[in-house]
Every structure is written in structure tokens, then in C-alpha cells.
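The values are calculated or read from the model by the stated rules, or taken from the named source; none is laboratory data. This structure is a prediction, so every number in the text was calculated from the model and none was measured. Cβ atoms come from the backbone with ideal geometry, glycine included; neighbour counts cover every protein chain shown. These accessible areas exclude ligands, DNA and RNA; they are computed on the full protein's heavy atoms, side chains included. Shrake-Rupley method; radii C 1.70, N 1.55, O 1.52, S 1.80 Å.
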Amino acid sequence: MTDTPVQTFAHPDAAQGAGPGARPGPQPGSPAGAGEARPLKLFIKSFGCQMNAYDAARMADVLAPEGYAETATLEEADLVVLNTCHIRERAAEKIYSELGKIREMKEAAGRPVTLAVAGCVAQAEGAEIIRRQRAVDLVVGPQSYHRLPDLVRRARAGGGVVDTDFPLESKFDHLAAPSRARTQARGVSAFVTVQEGCDKFCSFCVVPYTRGAETSRPPEAVLAEVVTLVDAGVREVTLLGQNVNAYHGVDAAGAGWTLARLAQRLAVIPGLARIRYTTSHPNDMEPALVAAHRDLGALMPFLHLPVQSGSDRILHAMNRRHDAAAYLALVGEIRAARPDIALSSDFIVGFPGETERDFEDTLALVRRVGFASTFSFKYSPRPGTPGADLPGQVPEPVMRERLHRLQALLEEQRQAFNRACVGRTLDVLFDKPGRHPGQVGGRTPYLQAVHVEGAPDLVGTVRPVEILTVGPNSLSGRLADAGDRAGALFDSGAHAGTSFASGAPAGLSPSPVAERLAS
Ligand code: 5AD
Ligand code: SF4
């Protein structure tokens, strides 16, 4: 591990040498677990996007050799990590209220508990977090997670530690690969970060500041990670990046790889049934990637392609670098390549200067596209972004009313999309036991949650399911090949070394595109 400039603060509590701030844990340089009577427990809570969820898993992996075992119970923890999100104001404020609660837990614990803040709030606010909440021992930005063992040791030894560097070395080269057992415990669907950061500088967005410039992992590293995951039983990978379709990995021979090329290569990995990627910018949707949706059976017909607004004026002010017509034309090309594709998007209402007319342009675009699932937000001025200083900030009640109207339309479209699936037979990747005994849950190619009556050993298989009914948040159906196990596309038993039979814990599969990356 490279030694790096890390800011160390005189922590308010450390000077006392006693009380909750005293850290009689392992000495710097020794494994955190050495000499402790009980194994150390790690509690990580992740907020925001899927990349944060992926990062949380990698943080747990890098701390496991230090003796930290994950716990889902905050009160048991010796190390608490809040992996934060800064994308909207409420996301950041939520963190401070969480920190207040954890401070109380620390004080009641009767043993040293180390509190770390990671993620984009850590990156954006740095030492200010420790000033605002004295219980915090460590602030670590997203590019420094590979340094966590050392940082945690220093934090436990006393003093607030802050590392918000953008180091020259890539954290990916230094992060431990998860063990086979840890991968299996996480379920059949996995995230793989292939790209990080963003150079687009949309005027509302903090990502270029918190995650830095666009970087892509080398294709060999991505392929090796995916092969390891598949060997441990993973059936679906979601390639992650804030601007994932800008992926431009360079291989050892110096050749550039696009996301389309990466997907083509991944699609021939035996045992990998499904590939997804998120989040994409319309301008980086190159023709080869559109064609990949036609040509690659493993590339799922679901695309999250945020448009944010349907008004050319607002798109320009947002620095999105395309207009509504270009988005609609792109949607036409994508649908020509893959007619059944389910489209998803993000929307922001109330960007500064948005008039009723602009907002109606957004509604008109939504009507023309027809989205299967979406996310929509009121504009939240982020300090340091150009949007925050623009004139014409839209009053809260106007934003609320517009959001309400937009969401009503989007919800109608979502339900219509789901209803249109009734009577169809869709391949479902089963990823967890269902909510009720005797049920299993999975996802359609369009990322809809489905449950059927079936045995737990369906988990890890892709099976045809006839969709029977639509609920508010999921579909239900029945196996269309019941009794015909030969029909299973990827039977868990058929893949050497795979045993997800009943072991995949509920809730560990990726959430729907519920909390996503920006783009
Ligand atoms: N205000 C409101 N929504 C925002 N998003 C990003 N920044 C802001 C902001 N300042 C939304 C965008 C993005 C999604 C992840 O979050 O729609 O695509
Ligand atoms: Fe980049 Fe997406 Fe943020 Fe725009 S919204 S700056 S494309 S991460």
C-alpha cells in the first residue's frame, strides 16, 4: 500500500485519553483484530446509488483480512461505516441525522467504537464532518477505500483522520477480491464497477466534483472479476459507472475498448446469463452499443437513459449537450434495434428558469417515449455546481405540484407496461426466496420483480414464467416449464462448483434501479 498524505486532526475526544474517544484498540501497524477477545464487527450502511452498494461490499472485503466480520446489528459494531450520498440536499442531511444517532450508540457501547464516513459527502465536506459531528473518527473519500485498513488503524489509535485524495494509484489495483464464500453469500446477481467519475459537468450535478474525472478500469481486470464471480455462481452482472457508456478501457496491448466491445466479450463467458449496465448518457450511446442490444442475447432489454427534461431551453441550461429531438431520435434507433426494450429515465423538475411551458415539454416527451420505470426529483441546488447560482430558482410549491403531475403520468406508464406483460411468458432469473414460504423471487429481462410458487433450488436458474397478475410493485406468475427441468437455461446444479440452492439470503440481490447513479 502506498503511503499517502492523510490529514490527521487533533480529535476533540482523543486529547482526553479516556471516554468514548479513547481508542485502546490495536496499535498502528498491527492487524485490527490481533489480541482482541472477540472478533471485531463491522456495520456498513450504504446510501444512494448502486456504485455505493458495490463500494460497500469492497470495503467489507478489504477489511475482512483485518479481522472485521460484517454485522447487520449496529449495536454490535466496533467499526461503523456510513457510505454516503451527496446527490441531493436531503441525502446529505440524512447523514448528519444518522451520525447523531450513532454518536448515542457509541456513547452507550462501553467499548471503543470507530465511526467512519465514506462516500460522496465525505469527499465533498472532508474535515468539516468531524467539526460538525465530533463522534466521527475517520472521513474517507471514494478513491481511497483500498487504504482503509491503514486508515482505520490510525483512527482507532486516536485522532480524526481525513483522506479525500484522488490518489495516483487506482484503488481497483489494490482492493482485495472477495472470497468465493462472500460472493456466494451476496447472491446470483452482482455489480461490477467498470467506470467511475464524469466529465460531463451537467450544471445541477455534484458527481464530477465528488467522484472526479472519468476513468475506466482495464478490460482484463473487469473480465477477470466477472469470471471469478461467475465461477462462484453469479448469473447476472450489472456494469456500473456514473457515465458507464463512456467506458473507454485500455488493454495491456494499448487497444481501447468501448462498452459495446466489453459487453460482446462478457456475453461469451459460459454461465453468465445476463448483462446489464447503468447509468448511461444519451450522447455516449454509440451505434455499436445500440447494435449490441440487437445482437447480444445476454444483454438485457432494459436501458436506463436519463433525459432529465423535455425542454430544449432547460436541457441547454443543464448543460446536457443534446436536445429533446436528439433524445427521441436515439430512442427510435434503440427501439429499431430491440423493439421490446424497456426504457427508464431520471427527471428533474424545477431546474432554475423552468416555466410551465418547459415543464409541459417534459410531459410531452414522456408521452412520446413511454417509460417502463423512472425516477423523478425536485431540483436541489448543490453548493459548488453552476445551477446553484442561476437566477430563476423555482419556488418549492411549484416544484411539488409539477413533480406530482409528472409522477402521475410516469406511474400510469409504469403500470401500463406491467399490465402488458400479463399473459406473456418471460424468462426470469430467480435470485432469492420469496416473501412467503414456498415462493421464489426473481426478475424479468425488464427488471420487474416476479414471484412464483416454487422450490428454493430455483435460485440461480433462468426459467420461463407465465405472468398471471400485476401487483403494485411486482408481478406474479407460474413456471411455464414446471416438471420440465431440462428446460432450465442455467440450472444451478449444472454449473460446476455452484451452490446457491437455498443459500442466497433474501434481500442481497441488487435492488431494482431504485437508487441509481447519475448520468
Ligand atoms: N437536484 C435534483 N436531482 C438531481 N439529480 C442529480 N443532481 C440533482 C440535483 N441537484 C438526479 C438526476 C440524476 C439522478 C441520479 O439524480 O436526475 O440522473
Ligand atoms: Fe455526469 Fe450524469 Fe452528473 Fe451529468 S448527471 S454530470 S452525466 S454524472
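Kindly evaluate Arg103 against the criterion of being within 22 Å of the chain's Cα centre (by Cα) and open to solvent by 10 Å² or more (accessible area, probe 1.4 Å).
When the stated conditions are applied, Arg103 does not pass them.
So, in segment 362-410, exactly how many residues are in a loop (DSSP other than H, G, I, E, B) and either more than 16 Å from ligand 2 (Cβ to nearest atom) or outside the structural domain of Ser309 (by the TED database) (or both)? Reasoning before the result, please.
In the first step, residues of segment 362-410 are kept if they are in a loop (DSSP other than H, G, I, E, B); the result is 370-372, 379-385, 390-395.
With either more than 16 Å from ligand 2 (Cβ to nearest atom) or outside the structural domain of Ser309 (by the TED database) (or both) added as a condition, the list becomes 370-372, 391-395.
The qualifying residues number 8.
Working only within segment 194-252, note down all residues that are within 16 Å of ligand 1 (Cβ to nearest atom) and assigned to a strand (DSSP E or B).
Gln195, Glu196, Thr238, Leu240
Read through the list (1) touching a Leu at 6+ places or on another chain (Cβ under 8 Å); (2) surrounded by fewer than 24 Cβ atoms within 10 Å (Cβ to Cβ), then give the number of the only condition that Arg111 fails.
That leaves (1) as the condition not met.
Inspect all residues belonging to segment 105-118 and state whether any of them is touching a Lys or Arg at 6+ places or on another chain (Cβ under 9 Å), more than 20 Å from Leu42 (Cβ to Cβ) and touching a residue at least 12 places away in the same chain (Cβ under 8 Å).
No; the residues of segment 105-118 include none that is touching a Lys or Arg at 6+ places or on another chain (Cβ under 9 Å), more than 20 Å from Leu42 (Cβ to Cβ) and touching a residue at least 12 places away in the same chain (Cβ under 8 Å).
Restricting segment 166-193 to residues that are part of a helix (DSSP H, G or I) and out of contact with any helix residue (DSSP H, G or I) (no Cβ under 7 Å at 6 or more places or on another chain), which is nearest to ligand 2 (Cβ to nearest atom)? If you could, list the steps in order and put the result at the bottom.
First pass over segment 166-193, keeping only residues part of a helix (DSSP H, G or I): 171-174, 180-185.
Still in the list and also out of contact with any helix residue (DSSP H, G or I) (no Cβ under 7 Å at 6 or more places or on another chain): 173, 180-181, 184-185.
Details: Asp173: 24, Arg180: 33, Ala181: 34, Gln184: 32, Ala185: 31 Å.
The selected residue is Asp173.
Being under 17 Å from Leu40 (Cβ atoms) and outside the structural domain of Glu214 (by the TED database) narrows it down to one residue among Val136, Val152; which is it?
Working: Val136 fails: under 17 Å from Leu40 (Cβ atoms).
Result of the check over Val136, Val152: Val152.
One line per residue, one yes/no per condition, for (1) part of a strand (DSSP E or B); (2) open to solvent by less than 30 Å² (accessible area, probe 1.4 Å); (3) within 19 Å of Val366 (Cα to Cα); (4) within 16 Å of ligand 2 (Cβ to nearest atom):
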residue	(1), (2), (3), (4)
Ala263	no, yes, no, no
Val268	no, no, no, no
Gly271	no, yes, no, no
Arg276	yes, yes, no, no
Ser280	no, yes, yes, yes
Ala288	no, no, no, no
Arg294	no, no, no, no
Pro306	no, yes, yes, yes
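Evaluate the following for Gly370: is it of a type in the set (Gly, Ala, Ser), in contact with a helix residue (DSSP H, G or I) (Cβ under 7 Å, 6 or more places away or on another chain), farther than 30 Å from Val226 by Cα and modelled with pLDDT of 95 or more? Before you say what the answer is, go through the steps one by one.
Working: of a type in the set (Gly, Ala, Ser): yes; in contact with a helix residue (DSSP H, G or I) (Cβ under 7 Å, 6 or more places away or on another chain): yes; farther than 30 Å from Val226 by Cα: yes; modelled with pLDDT of 95 or more: yes.
The answer is yes for Gly370.
Does Arg147 fit the bill of being touching a residue at least 60 places away in the same chain (Cβ under 8 Å), of a type outside the set (Asp, Glu) and closer than 21 Å to Ala388 by Cβ? Full working, then the answer.
Numbers: touching a residue at least 60 places away in the same chain (Cβ under 8 Å): yes; of a type outside the set (Asp, Glu): yes; closer than 21 Å to Ala388 by Cβ: no.
No, not satisfied.
If you go through segment 367-399 one residue at a time, how many are within 14 Å of ligand 1 (Cβ to nearest atom), of a type in the set (A, V, I, L, M) and buried (at least 18 other Cβ atoms within 10 Å of the Cβ)?
Selection size over segment 367-399: 2.
Out of curiosity, is Asn283 within 16 Å of ligand 1 (Cβ to nearest atom), over 18 Å from Ala372 (Cα atoms), modelled with pLDDT of 95 or more and in contact with a Phe, Trp or Tyr (Cβ under 8 Å, 6 or more places away or on another chain)?
no
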